[in-house]
Amino acid sequence: MNSPLEVVRVPVLSDNYSWLVHDADSGETIVVDPGEAQPVLDSAAARGWTIGAIWATHWHPDHVGGNAGVVAATGAEVIGPEAERAKIGALDRGVGEGDTVLLGAHTATVMHVPGHTEGHVAFHFADDAALFTGDTLFALGCGRLFEGTAEQMFDNLRRYAALPGETQVYCGHEYTQSNGRFALSVDADNQALVQRMAEVDRKRDAGKPTVPTTIAEEQATNPFMRAGDAGEFKRLREGKDSFRG
């Protein structure tokens, strides 16, 4: 039986999270979306880990800006969406829907989840109940539609909703408090949401993070996950884009 994966949150830039993922059995470590190199390298070194690979969910600079520095320091292999190879640059291995990537004996399946960017992928460790969503699903929110459609993102969220409720969701930003304010504006009678936001506010007031979240939490409280169809999702996404609460 494999040892559980160890996942470490690394704050980078203003509100991004990179994720170190370590397999104790093999001693292997990867980093998901290193927006900056040094905080990631420092966090790994503090634990005696060496980063062997970078897994990129999409091309935006706040997710791949640290790639070159990590590669220079460690020689890490860069794995990311083949569809965004031209924008990410220096991909050693391009991946897409249904491909698998390994961390020791742990297998992650690649999900193509377009909408935020055209080639965006997520990494799902089914046996470890862990999902790295980049900028698609956030705690209490979802990503903006820069390169895709509401229908695409709605379909992504339906795919996520079909995963086991205990699945841990490791997203790319600390957006929960602002997402929650919008959520309350459209779902004020949802007592699970009201209670969750009270806890989010307590954590943020104390300077504590609010992610990871779980699929079950998002199904209960995230208005985008609770949308009944793509039309409702589109109205919510447009409302969030202009929300100033």
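Assessment of the stretch 126-134 against the conditions (farther than 26 Å from Ile79 by Cα and hydroxyl-bearing (Ser, Thr, Tyr)) yields no matching residue. Ala192 meets the stated requirement of being exposed (fewer than 15 other Cβ atoms within 10 Å of the Cβ), over 26 Å from Ala122 (Cα atoms), touching a helix residue (DSSP H, G or I) at 6+ places or on another chain (Cβ under 6 Å) and modelled with pLDDT of 95 or more. Of all residue pairs spaced 6 or more apart or on separate chains, those with beta-carbon atoms under 8 Å, a first member in the stretch 210-226 that is within 14 Å of Ser185 (Cβ to Cβ) and a second member that is among the β-branched types (Val, Ile, Thr) are Pro223/Val186.
Determine if the stretch 35-51 includes at least one residue that is over 18 Å from Arg85 (Cα atoms), in contact with a Lys or Arg (Cβ under 8 Å, 6 or more places away or on another chain) and not in a helix (DSSP H, G or I).
Taking the stretch 35-51 first, the residues over 18 Å from Arg85 (Cα atoms) are 36-51.
Okay, now just the ones that are also in contact with a Lys or Arg (Cβ under 8 Å, 6 or more places away or on another chain), so none.
No - not one qualifying residue is present in the stretch 35-51.
When you scan the stretch 174-191, do you find a residue that is in contact (Cβ under 8 Å) with a residue 12 or more places away in the chain, closer than 25 Å to Trp59 by Cβ and not in a helix (DSSP H, G or I), even just one? Among the residues of the stretch 174-191, at least one is in contact (Cβ under 8 Å) with a residue 12 or more places away in the chain, closer than 25 Å to Trp59 by Cβ and not in a helix (DSSP H, G or I), which makes the answer yes.
What residue, of Gly245, Gly165, is open to solvent by less than 60 Å² (accessible area, probe 1.4 Å), over 20 Å from Trp19 (Cβ atoms) and in a loop (DSSP other than H, G, I, E, B)?
Details: Gly245 fails: open to solvent by less than 60 Å² (accessible area, probe 1.4 Å).
After ruling out the rest, the residue left standing is Gly165.
What number of residues within the stretch 113-154 satisfy the criterion of being part of a strand (DSSP E or B), surrounded by 24 or more Cβ atoms within 10 Å (Cβ to Cβ) and either hydrophobic (A, V, I, L, M, F, W, C) or free of Cβ contacts under 8 Å to residues at least 40 places away in the same chain (or both)? Before you say what the answer is, go through the steps one by one.
From the stretch 113-154, those part of a strand (DSSP E or B) are 121-125, 130-134, 137-138, 141-142; that's our starting set.
In the following step, the residues that additionally are surrounded by 24 or more Cβ atoms within 10 Å (Cβ to Cβ) were identified as 121-123, 131-134, 137-138, 141-142.
With the extra rule that they be either hydrophobic (A, V, I, L, M, F, W, C) or free of Cβ contacts under 8 Å to residues at least 40 places away in the same chain (or both), the set shrinks to 121-123, 131-132, 137-138, 142.
Looking only at that region, the number is 8.
Considering only residues in the stretch 73-105 that are open to solvent by less than 40 Å² (accessible area, probe 1.4 Å) and β-branched (Val, Ile, Thr), the one that is nearest to Leu131 (Cα to Cα) turns out to be Val101. None of Val70, Val110, Val21, Val8 is open to solvent by less than 10 Å² (accessible area, probe 1.4 Å), farther than 15 Å from His124 by Cα, at pLDDT 95 or above and not in a loop (DSSP other than H, G, I, E, B) except Val70.
For the stretch 48-73, a residue qualifies if it is touching a residue at least 12 places away in the same chain (Cβ under 8 Å) and either farther than 21 Å from Leu13 by Cα or in contact with a Cys (Cβ under 9 Å, 6 or more places away or on another chain) (or both), and the qualifying residues are Trp49, Thr50, Gly52.
The values are calculated or read from the model by the stated rules, or taken from the named source; none is laboratory data. Predicted, not measured: the structure shown is a model, and the values here were computed from it. Backbone-built Cβ (ideal geometry, glycine too); neighbour counts: all protein chains shown. The protein model used for the area step is the full one, side chains on, heavy atoms only, and it has no ligands, DNA or RNA in it. Shrake-Rupley method; radii C 1.70, N 1.55, O 1.52, S 1.80 Å.
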